[in-house]
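See below for the structure under consideration.
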Amino acid sequence: MILSSIIFFMVFLHYLGDFPLQGQFLAENKGKNDYLLFAHSVIWAGTISAGLLYFGLFALWKVLFLLAGHFIIDRWKARLPVSGQRELLIDQGLHFVQILIIIVV
């Protein structure tokens, strides 16, 4: 499969896992509670991992990298005194870097 198709699909899965699949409760409370943030990270990493399975790129270390990275990045953003557009762009950019790493490596 063409690399650009894989990247497109994985970015789609990123948006699916990072926004609608987390639900309103997690969206509103993940920044206040590490367990809820972990649950959100599991949903996101699981969504991306499904794509890895589909493309034959799955490896356990990639799942752990996605899970830990997503948790750390989102926890950083949630603990900022003020979080605006700039911080959201940094957050999303770091998640895209994670996706590129697991596709290429």
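General remarks:
- Unique match (being over 27 Å from Ile6 (Cβ atoms), out of contact with any Gly (no Cβ under 6 Å at 6 or more places or on another chain) and of a type in the set (Gly, Ala, Ser)) among Gly56, Gly69, Gly23, Gly93: Gly23
- Looking only at region 80-103, and only at residues there that are assigned to a loop (DSSP other than H, G, I, E, B) and of a type outside the set (Val, Ile, Thr), the one that is modelled with the lowest pLDDT: Ser83
- Qualifying residue in region 53-73 (condition: in contact with a Lys or Arg (Cβ under 7 Å, 6 or more places away or on another chain), surrounded by 12 or more Cβ atoms within 10 Å (Cβ to Cβ) and not aromatic (Phe, Trp, Tyr)): no
- Checking Phe71, Phe65, Phe58 one by one, the residue that is modelled with pLDDT of 95 or more, touching a helix residue (DSSP H, G or I) at 6+ places or on another chain (Cβ under 7 Å) and assigned to a loop (DSSP other than H, G, I, E, B) is Phe58 and no other.
- Residue in region 16-26 that is surrounded by 17 or more Cβ atoms within 10 Å (Cβ to Cβ), out of contact with any Cys (no Cβ under 6 Å at 6 or more places or on another chain) and touching a residue at least 60 places away in the same chain (Cβ under 8 Å) present: yes
- Filtered residue count, region 27-53, keeping only those that are assigned to a helix (DSSP H, G or I) and either modelled with pLDDT under 95 or under 21 Å from Ser4 (Cβ atoms) (or both): 9
The values are calculated or read from the model by the stated rules, or taken from the named source; none is laboratory data. Computed from a predicted structure; not experimentally measured. All Cβ positions, glycine included, derive from the backbone under ideal geometry; neighbour counts span all protein chains shown.
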